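Asks: Okay, handing you the structure first.
The values are calculated or read from the model by the stated rules, or taken from the named source; none is laboratory data. Remember, predicted model here, so these are calculated numbers, not experimental data.
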Amino acid sequence: MRGSFHHYSPELKQRLVDEIEGGQLTLREAAQDARTTVAMVRTWLEEFGRYKPKRDIVEVVMRSEQDRIAALEKALAEAHLTLLVYDELITQANKRYKTDIKKNFGTSRPTPSAGTALAAPSPPSVASSTARAMPTTNASAASAAPATRRR
């Protein structure tokens with residue numbers, strides 16, 4: 001025996017879906033009314049219904065991506081540790097040499113001329129260390145200057 005194929009009009013499908021969503025019919029009653037199966041009525045609900053089922057979004061991560069993420073996290077942790085070591089090294093050097101390496105980094109020294117021999121750097125003098133400790137402004141420098149004028 002061959003199964004018979006029934007063609008249902010879109011108006012009938014829409015009417016049944018509206019009644020199901022309105023609460024007047026159940027799925028089984030709608031299937032009996034249209035002389036079809038509950039599975040077919042569910043298909044109509046998905047096609048014509050207002051409330052489509054939410055589909056969960058699944059993130060698929062390939063094994064190679066997981067390995068790459070793990071390698072990047074490891075590299076980030078190593079870079080962070082290196083940064084901490086460098087910061088501690090600078091802190092210890094600042095204490096040892098009583099200077100601020102970060103503040104003085106990038107300042108240029110005068111280059112010796114060709115005839116001058118390179119000498120070892122001398123420790124800072126007392127006058128230069130007190131000058132660094134006491135900042136001056138243009139106003140205080142102007143008041144300290146003698147107020148003599150020439151005509």
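Asks: Which of the residues spanning segment 24-51 are outside any helix (DSSP H, G or I) and among the basic types (Lys, Arg)? First the steps, then the outcome.
Replies: To start, the set of residues in segment 24-51 that are outside any helix (DSSP H, G or I) comprises 24-26, 35-37, 49-51.
Across segment 24-51, the qualifying residues are ARG35, ARG50.
Asks: Can I ask one more? Against the definition (modelled with pLDDT under 90 and in a helix (DSSP H, G or I)), how does LYS95 come out, yes or no? Talk me through it step by step, then tell me what you get.
Replies: Working: modelled with pLDDT under 90: no; in a helix (DSSP H, G or I): yes.
So LYS95 fails the test.
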